[in-house]
Amino acid sequence: MPTYNFKREAQVYVVSGNSRHRIDVTDVSFNQTFSEESYAVKTLHTQSNVFEGSIITKANPANFSLDIPALIEADYNIIETLLINATSFDLYIKTEADVFKLENAVITNGSFVIERSRPLSIQIQGEAAKLTRGATLAGSLQDRSSTKNFNIPILDVTVDSSPLNNIVSITVELQNSIEWTPYTTLHGSLPVTSSLNSMYPSGFSLSKKILAGSITQYLTDGNTSNTLDWKTDASIFIKAGNGLNHATGLFKGFLFGPATCTFTNRVSTGASVYTQSYDWRMVENPTNLADKLKYETD
């Protein structure tokens, strides 16, 4: 009887340097495709050849996504480091049947998901140079914490010096705009005969970063100001996690800011309860992004 690959059995490992980190996920997906170019085969003497020929010599960058619970323990700090620095790593997905490897991977999008009465989580999307099936796990496996505690957030949000209450949800999203080094050459395409010697991406560069998000709150009689507003130099601060006393080291969770941002405010009346949302984007250029965006753990 064949052994199948089941998503619910997948074990995810991040290898950075020589260190292998086991990452628990609630969802994982990955794929890679090849690029096809067509060419006409119809000639003066073969007018019936209406179906074009095909040339396949290169692979597109692979794609992957991970949904990760934001634990209070420090087991997943490697994800924060790789996201903020946009550095490369290898990603392994192990099932009962196979080990898949995504080499020279980079995180292109990381969302810090904050919802009332739900555990904090991080959604990761990225690209990689090459997907291989039948790989061997590399790196030295790092120890995990003996406990595993989820983080139900307490919220502390300030927009332009005004505290916000009755918050429904918050998103904080960091985008790394990646450009892969051109790897299609005539010399490289000549020996291509199959997927085994096709041209794959080899390197990438970071062109820009975007740190943005939204803050949604219920419309009540206590927040009657700024229902429709905008500003290009507002200070925004977001704290979401267990505890509010960061000075004593008790806080565990997500921290953003204070940072200079632009925002627009809009009203939503589509649901049964009216809400308003602040759509914001950081316009400040800090020396160290990790000073503005933090995932605080034990």
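Each value in this text was obtained by applying a stated rule to the coordinates, not by laboratory testing. Quantities reported herein were computed from a predicted structural model and do not represent experimental measurements. As a convention, Cβ positions derive from the backbone with ideal geometry for all residues, glycine included, and neighbour counts pool all protein chains shown.
In which sequence would 76, 278 go, from the one with the fewest C-beta neighbours within 10 Å to the one with the most? Show your work: numbers first, answer last.
On the way: 76 20, 278 25.
Exposure proxy ranking, most exposed first: 76, 278.
Among residues other than residue 148 with Cβ under 14 Å from its Cβ, the summed charge is -2 (Lys and Arg +1, Asp and Glu -1). Farthest toward the positive end of the dipole of the chain, out of 89, 167, 242, is the Cα of 89, where the dipole comes from beta carbon charges about the Cα centre. Each Cα pair under 8 Å and six or more residues apart adds its sequence gap; the mean of these over the residue count of the chain is a relative contact order of 17 percent. Rounded, prolate or oblate, given the Cα gyration tensor of region 41-185, with a/c below 1.5 counting as rounded? Cα axes put region 41-185 in the prolate bin. Residue order for 294, 252, 42, fewest other beta carbons within 10 angstrom first, comes to 42, 294, 252. By the count of neighbouring beta-carbon atoms within 10 Å, fewest first, 91, 164, 44, 141 end up ordered 44, 141, 164, 91.
Looking at region 127-162, the trypsin sites (Lys or Arg not before Pro) that sit in a DSSP loop and have at most 16 other Cβ atoms within 10 Å of their own Cβ are 144, 148. Straight-distance candidates among the lysines for linking to residue 252, with alpha-carbon spacing under 22 Å and chain neighbours fewer than 8 residues away dropped: 148, 239, 292, 294. Looking at the chain, which longest stretch skips every one of the GluC sites (Glu not before Pro) that is in a DSSP loop with at most 15 other Cβ atoms within 10 Å, leaving the sites themselves out? Longest run free of exposed loop sites: 97-283. Could you tell me which of rounded, prolate or oblate describes the chain, using a ≥ b ≥ c as the square roots of the eigenvalues of the alpha-carbon gyration tensor, with rounded for a/c under 1.5 and, failing that, prolate when a/b is larger than b/c and oblate otherwise? The shape class here is prolate. In summary, the lysines within cross-link reach of residue 101, defined as a Cα separation below 25 angstrom excluding same-chain residues under 8 places away, comprise 7, 58, 130.
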